Amino acid sequence: MIALKYIMVTGGVMSGLGKGITSASIGRLLVDMGYKVVPIKIDPYINIDAGTMNPFQHGEVYVLKDGTEVDLDLGHYERFIGVELTGDHNITTGKVYRNVIEKERRGEYLGQTVQIIPHVTDEIKSWIRRVAKESGAEICLVEIGGTVGDIEGMPFLEAIRQMKNEEKPEDFLLVHVTLVPLDSSGEQKTKPTQHSVKELRSIGLQPDVIVGRCARKLEEGTKKKISLFCDVPVEAVISAEDASDIYEVPLMFREEKLDEYIISKLGLERRESRDDWENMVKKLRNLEKEVKIAVVGKYVDVQDSYLSIREALKHAGIEAGCRVNVLWIDSEELEEKNVEMDVDGILVPGGFGKRGAEGKIKAIEFARENDIPFLGICFGFQLAVIEFARHVIGWSDANSSELAETTHAVIDLLPEQKQVDKLGGTMRLGDIEVTIKPGTIAHKLYGKEKVYERHRHRYEVNPKYIPEFEKRGLIFSGYSDGGRRMEILEYPKNRFFFGTQFHPEFKSRPYSPSPPFVGLVKAALGEF
Ligand code: GLN
């Protein structure tokens, strides 16, 4: 058993440099060398979690198995490192201060003045160490969100500085991710990197590794300059040029020998050389077939809003041997026009509220009527139920009580939820067991009768209408809560018309794709 090691990842110059992908890729490299890794994401914002955050601003809200709503970087960790995380793996300023204030109210500080140093920093350090120990991992990877110099991040960086002094030198490594921009003549500029390292040093931290994000591979001269000015060996300056796919990044780092450098600094040895990631990327590079899938949503301009959907489509494509080209369609724009789409499949993802909902319903109608493979997720599942009620059964006023008052509330809150109906208060979140009926398409896809999938919703299929739906051929092939809640729908009359109340995209992995996505992509290829 080795001593627990810590790798801290900070970012300089600006946000959006791909620190999350860098951290996830480092995690992957360590896994490939035979180590057990636990990642932690620090988000210095004051929000307790990402549940209330707007996807327009922040990208998608990712849901963990315990129902915690987090930043999309946790999704990268799960996909790259192959772990399942909980709310414990996401530390926010809100959570840290909440703990400190609760302790203060309980009198645990014995009358002291409660301060950022040491009380807040102690809380941060003990949180990191507790999660690392409880996980049984050998290496704990901590990504500090934001940019060095942000006011919000200061207590976290101070905590990290203290940890550096408290841990043995071979048990602690700091990776700094910065930007190396190109000037108008295409020259790689190192000044922003120098400044951000200076900023780090001013708070007592010196990076061990510098990852330079650049449009092009870092030149030898650029690396030497960074090495000289920032006081890191030249082999610890790592080039991270723009990649054709994020799954290429671990391999790119391996080519830069980052894996070797990290383990030697941590006094470790390569235990094995796993190649499943590399094999997956090789498949990804050599996809021969192609399909076009329309994703009809509200946040299509901000593609990170549907990040896990995009990744899950890619995973299914790797399995099916085809490249999935995604056509992003703004559902609001569909409302004014005749829907006409030249695509192999249509996906309607999750969502909230009225805006664009009717456009999504039109897209679903188009898919059903033209027998185009369709996957509806969460809101998309609910809207498929509404579409069917309106156009097949003939209840023209059918709707969800989230969207309108109607006599045919085919999507509604369950009675007990109506009692406590406060926004967000009754959300059903996280892993829930779903029972699948044998002999259905769902059963063919999953190959088993019990699955655990992640949820994030409040409304349900209204149980009183189910017999009528089934009479007309819309089958509910998966359920939960002893049959009170419908989880999967299918319309066997079509080639593939499928919906899930849960979010299968959160459990899809590049090397083990989510069954409903595989169904959609294979159906789009004409192979289902
Ligand atoms: N708005 C719907 C509900 O609350 C669907 C939520 C979702 O798609 N995540 O039930």
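Quick notes
- For the chain, the longest principal axis of the alpha carbon atoms and the long axis of helix 191-202 meet at an angle near 70°.
- Computed from point charges on the beta carbon alone (+1 for Lys and Arg, -1 for Asp and Glu), the dipole magnitude for the chain about its Cα centre is near 620 Debye.
- A simple count of charges around Ile40, restricted to other residues whose Cβ falls under 9 Å of its Cβ and scoring Lys, Arg +1 and Asp, Glu -1, yields -1.
- Farthest toward positive dipole pole in the stretch 386-516 [+1 Lys/Arg, -1 Asp/Glu at C-beta], among Thr440, His408, Phe388: Thr440
- Links that overshoot a 27 Å alpha carbon limit, given the list Lys282/Lys360; Lys125/Lys198; Lys36/Lys191; Lys19/Lys257; Lys444/Lys507; Lys95/Lys418: Lys282/Lys360; Lys36/Lys191; Lys95/Lys418
- Residues whose amide H comes within less than 5 Å of that of Val295, counting only those at least five positions distant or on another chain, are Leu327, Trp328, Ile329, Leu347 (H built at 1.01 Å from N in the peptide plane).
- DSSP assigns beta bridges within the stretch 164-301; of those with both partners inside it, close to 10 percent run antiparallel.
- The stretch 364-523: relative contact order as a whole-number percent, Cα under 8 Å and 6+ apart: 27 percent
- For Thr407, the shell of other residues with beta-carbons less than 15 Å away shows a net charge of -2, using +1 for Lys and Arg and -1 for Asp and Glu.
- Relative to the dominant Cα principal axis of the chain, helix 121-135 is inclined by about 60°.
- Of all DSSP bridge pairs formed entirely within the chain, close to 30 percent run antiparallel.
- Counted over the stretch 135-238, the DSSP beta bridges are approximately 10% antiparallel.
- The stretch 461-528 shape via C-alpha gyration tensor axes, a/c threshold 1.5: oblate
- Only helical runs count toward this figure. For the chain, summing -39,500 (n - 2.57) over DSSP H runs of n ≥ 4 and dividing by all residues gives -10000 deg cm²/dmol at 222 nm.
- Simple point charges give the picture: +1 on the Cβ of Lys and Arg, -1 on the Cβ of Asp and Glu, and for the stretch 1-152 a dipole about the Cα centre of about 380 debye.
- The magnitude of the dipole of the stretch 259-416, with charges of +1 and -1 set on the Cβ of Lys/Arg and Asp/Glu and taken from the Cα centre, is near 480 debye.
- Amide proton proximity set for Ile238, modelled H, under 5 Å, gap of 5+: Ile210, Val211, Gly212
- Cα long-axis angle, helix 276-285 against the chain (0 to 90 degrees, to the nearest 10): 60 degrees
- Proximal aspartates and glutamates relative to Lys223, as straight alpha-carbon distance under 17 Å, when same-chain residues fewer than 8 apart are discounted: Asp183, Glu187, Asp208, Asp231, Glu235, Glu241, Asp242, Glu255, Glu256
- Whole-number percent relative contact order across the stretch 109-251, with pairs defined as alpha carbons under 8 Å at least 6 apart: 18 percent
- With contacts taken as Cα pairs under 8 Å and at least 6 residues apart, the chain reaches a relative contact order of 15 percent.
- The stretch 1-50 and the stretch 383-416 have Cα centres spaced 44 Å apart.
Where a number appears in this text, it was derived from the coordinates with a stated rule and is not lab data. Keep in mind the model is a prediction, meaning the values are calculated, not measured. Ideal geometry is used to build each Cβ from the backbone, glycine not excepted, and the neighbour counts take in all protein chains shown.
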